[in-house]
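Student: Below you will find the structure I want to go over with you.
The values are calculated or read from the model by the stated rules, or taken from the named source; none is laboratory data. Model, not experiment: these values are computed from the prediction. Please note: Cβ atoms are built from the backbone with ideal geometry, for glycine as well, and neighbour counts cover all protein chains shown. Ligands, DNA and RNA are stripped out before the accessible areas are found, and what is left, the full protein with its side chains, is counted by its heavy atoms. Shrake-Rupley method; radii C 1.70, N 1.55, O 1.52, S 1.80 Å.
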Amino acid sequence: QVQLVESGGGLVQSGGSLRLSCAASGSFDGINTMDWYRQAPGKERELVASITSSHNTNYANSVTGRFTISRDNAKKTVWLQMNYLKPEDTAVYYCHAEIYKIVNVEGARRTMNYWGKGTLVTVTS
């Protein structure tokens, strides 16, 4: 099995910064995309940022210019640097990863999706 362990959540004032981390462990051959999602009370879970194995990134419009996602493939870790935080950023942030295992000699991949337990980010006015 694969585990994703998040850390770095906390309480911060508007305009402050936090850095979230997510480390993957377990039995797998590689990770395709790693993502950060968030879910506020009464709201649907939304994609915040994603990063591919080749370090291509995408961001939600609401966080573009404020958040930065990065990863280290050797460490199997993804980070989310959050700057200029706003109260509307308050949510539980979840790490997601699409992992793969090589299943035959031809190199075919079997993919699976895994989620962390979430880390709470609270931004006050």
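Student: Go through segment 41-55 and give me each residue that's open to solvent by less than 30 Å² (accessible area, probe 1.4 Å) and among the small types (G, A, S).
Tutor: Answer for segment 41-55, where residues must be open to solvent by less than 30 Å² (accessible area, probe 1.4 Å) and among the small types (G, A, S): A49, S50.
Student: Still on this model: Report, ordered by the first and then the second residue, all pairs with beta carbons closer than 6 Å, sequence separation of six or more or different chains, a first member in segment 68-92 that is assigned to a helix (DSSP H, G or I), and a second member that is open to solvent by less than 50 Å² (accessible area, probe 1.4 Å).
Tutor: Qualifying pairs under 6 Å: P87/V123; D89/V123.
Yes/no matrix, rows are residues, columns are (1) more than 13 Å from the chain's Cα centre (by Cα); (2) over 25 Å from T122 (Cα atoms); (3) not aliphatic (A, V, I, L, M):
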residue	(1), (2), (3)
M34	no, no, no
Y37	no, no, yes
P41	yes, no, yes
V48	no, no, no
N58	no, no, yes
N61	yes, no, yes
F67	no, no, yes
S70	no, no, yes
A74	yes, yes, no
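Student: Let me ask something else about it. I'm told D29 meets every condition in (1) surrounded by 14 or more Cβ atoms within 10 Å (Cβ to Cβ); (2) touching a residue at least 60 places away in the same chain (Cβ under 8 Å) except one. Can you identify the failing condition by its number?
Tutor: (1)
Student: OK, next. Within segment 97-119, count every residue that is open to solvent by 100 Å² or more (accessible area, probe 1.4 Å) and either of a type in the set (D, E, K, R) or within 21 Å of the chain's Cα centre (by Cα) (or both).
Tutor: 5
Student: For segment 1-26: of the residues being open to solvent by 70 Å² or more (accessible area, probe 1.4 Å) and modelled with pLDDT of 95 or more, which is farthest from the chain's Cα centre (by Cα)?
Tutor: Among them, the one singled out is Q13.
Student: Output yes when any residue across segment 78-91 is at pLDDT 95 or above, surrounded by 12 or more Cβ atoms within 10 Å (Cβ to Cβ) and over 19 Å from G10 (Cα atoms), and no when none is.
Tutor: The answer is no; no qualifying residue exists.
Student: What do you reckon, is Y94 open to solvent by 50 Å² or more (accessible area, probe 1.4 Å), closer than 23 Å to G16 by Cβ and at pLDDT 95 or above?
Tutor: no
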